[in-house]
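What follows is calculated from the coordinates using simple rules that are stated; it is not laboratory data. Here the structure is a predicted model, which is why all the values come from computation and not from measurement. Using ideal geometry, Cβ is built from the backbone for each residue, glycine included, and neighbour counts are taken over all protein chains shown.
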Amino acid sequence: AQKITQTQPGMFVQEKEAVTLDCTYDTSDPSYGLFWYKQPSSGEMIFLIYQGSYDQQNATEGRYSLNFQKARKSANLVISASQLGDSAMYFCAMREGGGGSQGNLIFGKGTKLSVKP
Amino acid sequence: NAGVTQTPKFRILKIGQSMTLQCTQDMNHNYMYWYRQDPGMGLKLIYYSVGAGITDKGEVPNGYNVSRSTTEDFPLRLELAAPSQTSVYFCASDRRLFTDTQYFGPGTRLTVL
């Protein structure tokens, strides 16, 4: 079963508008972390934002925020005031707190965001 | 401030050739990882290491070998290259805490013809 699901293969957003990228996850471990990464066309993986399972508040980092709905097991990334440089692939990932292979990072298939001028 | 470095950046191999992808980190992380990323897809774990001398298989280990003789280095070996191994390979390291991100190298783009 998919542990991380990103249902939007591609999305378009107008420059300066906000956009939400969806991510749902599946785990029975009470301790886990959720991560979002950006991969521009140059190929590098850039860490954007983190949300822990015990965090009471939604994470924010500049124009990035994470809409964390624990009961729904969703961790959507919100980008405010989109810029042309935000055009990239975005990956949601999860790491469980258990030992062994549970500590590995599991990635979704990604969402390709295109920002239109 | 190097972080995770990978060499080479690009490589073209012929079917049946062998090569080693190099990965070095200078953050004193015990945990290191190798991923492959096929076009339009997410990252899939090939192998990981929890410390010098200890490695374990990930999701897609077939056709690859690894070794970890030092904390800093985690090379990935392809013994008999096949077209199915055409991919972008990322090395990463971390402290393996669910509160911590992984730190990725810049990637190696490998083509097998």
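So here's what we get for this one:
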quantity	calculated
Backbone HN-Hα couplings from phi across region B:38-50 [Karplus 6.51/-1.76/1.60, Hz, Gly and Pro as x]	7, x, x, 10, x, 8, 10, 7, 8, 9, 9, 9, 9
For region B:1-61 and region A:32-109, distance of Cα centres in Å	22
Trypsin sites (Lys or Arg not before Pro) within region B:1-69, DSSP loop, no more than 13 other Cβ atoms inside 10 Å	B:Lys9, B:Lys14
Computed magnitude of the charge dipole of region A:54-117 (debye, nearest 20; Cβ of K, R +1, Cβ of D, E -1)	240
When chain A is reduced to its Cα atoms, the Kirkwood hydrodynamic radius in Å	14.4
Only Lys, Arg (+1) and Asp, Glu (-1) charged, at Cβ; chain A dipole about Cα centre in debye	180
Net charge, B:Phe90 excluded, C-beta distance under 11 Å - Lys, Arg +1, Asp, Glu -1	+2
Proximal lysine pairs, the protein assembly as shown, alpha carbons under 16 Å, eight or more residues apart or interchain	9
Signed unit charges on C-beta, dipole axis of the protein assembly as shown, positive-most listed residue B:Thr20, B:Asn30, A:Gly103	B:Thr20
Percent RCO, i.e. relative contact order, over chain A, from Cα pairs under 8 Å lying at least 6 residues apart	37
B:Asp26/A:Ser42 FRET efficiency (R0 25 Å; Cβ-Cβ; nearest 0.05)	0.65
